[in-house]
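The values are calculated or read from the model by the stated rules, or taken from the named source; none is laboratory data. Computed from a prediction, not measured in an experiment: that's the story for all the values here. As a convention, Cβ positions derive from the backbone with ideal geometry for all residues, glycine included, and neighbour counts pool all protein chains shown.
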Amino acid sequence: MRPGHLPNNLTVAKIKTGNSNIRNPILVSYVAKGLLPYRGLGSGIKRAIDAWPGIDFIDDRDGCLFTAIVHHNKIEGSVESSVENSRDGSVEIDNLVLEQFRLEPEMTLHALAKTLGISLRATEKRVANLQYKNRLKRIGPKKGGYWQVL
């Protein structure tokens, strides 16, 4: 996406009801030719709101920036809430990483990040730290290998 505010005739209220404006006619031409997937031209924001109502939109015309903020709800008893409630979140995350790899040594970092409810980058940092501390070791290649908890 490129920076910019909503076009002159659009407001946050209008886009919430499904109104849209073509900003990139070149992309639209690729959609018309069947070269890009088509899910309803200009329907993305409406579909996003229908799927997840906790979205705020800010149209900053002075700063030339349209922002969508997607809020998520914490699920009581989830890994994320147990990490947040611990005194030392990083130690708790390390223990959860090790436990997940004990249960499923072939688990990918993407799957681990999703399971823990943290970003892929945060997951990579935790795993690298555990490898540095000699608590975790990668056996074999990225594809077809597995994690060994030491």
- prompt: Which of (1) modelled with pLDDT of 75 or more; (2) of a type outside the set (A, V, I, L, M); (3) surrounded by fewer than 12 Cβ atoms within 10 Å (Cβ to Cβ) is the odd one out, the single condition Lys46 does not satisfy?
  reply: (3)
Flag if Ala122 is at pLDDT 85 or above, closer than 20 Å to Gln148 by Cα and exposed (fewer than 15 other Cβ atoms within 10 Å of the Cβ): yes
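So how many residues does the stretch 93-115 have that are in contact with a strand residue (DSSP E or B) (Cβ under 6 Å, 6 or more places away or on another chain) and under 14 Å from Leu150 (Cα atoms)? Even if it seems obvious, please write down each step before you answer.
At the first step, the residues of the stretch 93-115 found to be in contact with a strand residue (DSSP E or B) (Cβ under 6 Å, 6 or more places away or on another chain) are 98, 101-102, 105-106.
Pick out the ones that are also under 14 Å from Leu150 (Cα atoms) and you get 98, 101-102, 105.
Residues that pass the stated criteria total 4.
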statement: Taking the stretch 23-43 and the residues there that are among the β-branched types (Val, Ile, Thr) and at pLDDT 75 or above, the one that is nearest to the chain's Cα centre (by Cα) would be Val28
statement: Of (1) at pLDDT 85 or above; (2) over 18 Å from the mean Cα position of the chain (by Cα), Ala111 fails just (2)
message: Quick check on my filter: what residues within the stretch 114-150 are closer than 14 Å to Ser90 by Cα, part of a helix (DSSP H, G or I) and of a type in the set (A, V, I, L, M, F, W, C)?
response: Leu116, Ala122, Val127, Ala128, Leu130
- prompt: Of the residues that make up the stretch 85-108, is at least one among the β-branched types (Val, Ile, Thr) and at pLDDT below 85?
  reply: yes
